[in-house]
Amino acid sequence: MKKDFVRLSVSLIILVAIFYIFQQKQIAKESITYFPIDPTVTFPKANTTLTFSKKRFDEYSILWQSNSSINKRAYLRQDMSLLYANGKLISTMGEWKQHTLELSEEKTVVERESNFFQAITFHYAEIHDTSERIFSSQKISADNLYVINSKFENTPLSFHTPNNLVEKDWATMMDKEAVDFVNYSLHQGLKKFHISQEQYDTKLLLTDLPKYNDTPLPSFSKEQSAKIIGQLTEGLYKNYFLGIIKEDGTIIDPIGSSIPVLLINDNHLLILFTTEDGEPIVLRQQISTL
């Protein structure tokens with residue numbers, strides 16, 4: 001009888017521990033939330049890198065890494081990474097830790113076809129001060145990699161920036177392929193939702209955002225831009241990274257979706273993309289400059 005009681009007690013403790021861990025993971029799973037920016041918190045390091053790894057038979061692999069650190073210990077550190085190939089999302093990474101300065105993650109991606117890879121990472125920190133006020137800090141990093149895989153070559157041609165005529169020709173062709181796909185996806189969304197692009201002052205691809213880490217978005221101050229990007233990051237995490245809600249209410253994986261296009265005017269922005277099966281999606285974010 002006593003042994004049975006001990007076994008039951010141990011089982012209950014294990015179940016409670018499992019439930020607690022699961023609950024904590026669920027809490028953190030949706031924890032990229034915009035709070036007022038803390039200007040004293042900076043990212044001395046924030047990097048995303050794509051490195052050609054090796055070729056085996058007709059396949060090749062690339063190593064995708066992101067790492068970042070802040071100058072002050074955070075209540076929560078979280079990164080959201082997206083990897084696109086020729087304009088389509090092919091993989092994601094997400095990592096979080098509490099009470100830490102640094103965060104890093106990596107993944108090996110295997111492909112066969114020639115690709116123009118674009119990786120972007122949203123680095124996020126949630127800060128609690130001594131008065132239990134909550135602030136946030138953010139930075140975006142990115143990297144590009146061209147890989148031309150030919151069955152006639154033992155090693156694929158790979159480069160970040162074209163350095164000769166051959167690489168420039170490949171880069172021009174692959175850039176056009178990615179841009180054409182994204183523009184086609186944008187046109188589908190504009191048509192379906194009856195949106196006039198002329199009503200928006202600024203058009204950006206999601207992969208353009210790293211240039212606005214220290215430069216304000218057109219027509220906005222640096223502080224306003226930080227708030228817009230912070231709220232955008234929160235929205236993308238909850239409505240894109242964790243799953244896309246389709247028109248019929250079903251939630252699908254974002255893999256296969258197009259690079260989102262941002263249309264911005266003075267009071268709101270639209271995020272337009274298509275899902276893997278070609279369904280146009282639009283997300284709307286109000287802009288409050290207060």
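The values are calculated or read from the model by the stated rules, or taken from the named source; none is laboratory data. Nothing here was measured: the structure is a model prediction, and the numbers come from that model. Please note: Cβ atoms are built from the backbone with ideal geometry, for glycine as well, and neighbour counts cover all protein chains shown.
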Residues of segment 130-144 being over 15 Å from the mean Cα position of the chain (by Cα) and either within 25 Å of Glu177 (Cα to Cα) or surrounded by fewer than 18 Cβ atoms within 10 Å (Cβ to Cβ) (or both), which ones?
-> Thr130, Ser131, Glu132, Arg133, Ile134
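For every residue, the table says whether it meets (1) closer than 20 Å to Asp208 by Cα; (2) in contact with a Ser or Thr (Cβ under 9 Å, 6 or more places away or on another chain).
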position: Lys72; (1), (2): no, yes
position: Glu113; (1), (2): no, no
position: Tyr146; (1), (2): yes, yes
position: Asn154; (1), (2): no, no
position: Leu157; (1), (2): no, yes
So, in segment 145-159, of the ones that are closer than 27 Å to Lys45 by Cα and without any contact (Cβ under 8 Å) to a residue 40 or more places away in the chain, which residue ends up surrounded by the fewest Cβ atoms within 10 Å (Cβ to Cβ)?
-> Phe159
Looking for whichever is basic (Lys, Arg), without any contact (Cβ under 8 Å) to a residue 12 or more places away in the chain and either more than 30 Å from Ser185 (Cα to Cα) or exposed (fewer than 15 other Cβ atoms within 10 Å of the Cβ) (or both) here; the options are Lys72, Lys97, Lys54. Which one fits?
-> Lys54
Do you know which residues across segment 112-129 are of a type outside the set (Gly, Ala, Ser) and either outside the structural domain of Asn149 (by TED's automatic domain parsing) or under 20 Å from the mean Cα position of the chain (by Cα) (or both)?
-> Asn115, Phe116, Phe117, Gln118, Ile120, Thr121, Phe122, His123, Tyr124, Glu126
Which is at positive phi and either touching a strand residue (DSSP E or B) at 6+ places or on another chain (Cβ under 8 Å) or at pLDDT below 95 (or both), of Glu132, Glu111?
-> Glu132
Pick from segment 189-212 the residues that are at pLDDT 95 or above and in a loop (DSSP other than H, G, I, E, B): which of them is surrounded by the fewest Cβ atoms within 10 Å (Cβ to Cβ)?
-> His194
Please list, ordered by first then second residue, the pairs with beta carbon atoms under 7 Å, 6 or more apart or interchain, first in segment 261-285 and without any contact (Cβ under 8 Å) to a residue 24 or more places away in the chain, second among the hydrophobic types (A, V, I, L, M, F, W, C) and part of a strand (DSSP E or B).
-> Arg284/Leu270
Kindly list the number of the only condition in (1) within 21 Å of Ile127 (Cα to Cα); (2) not in a loop (DSSP other than H, G, I, E, B) that fails for Phe52.
-> (1)
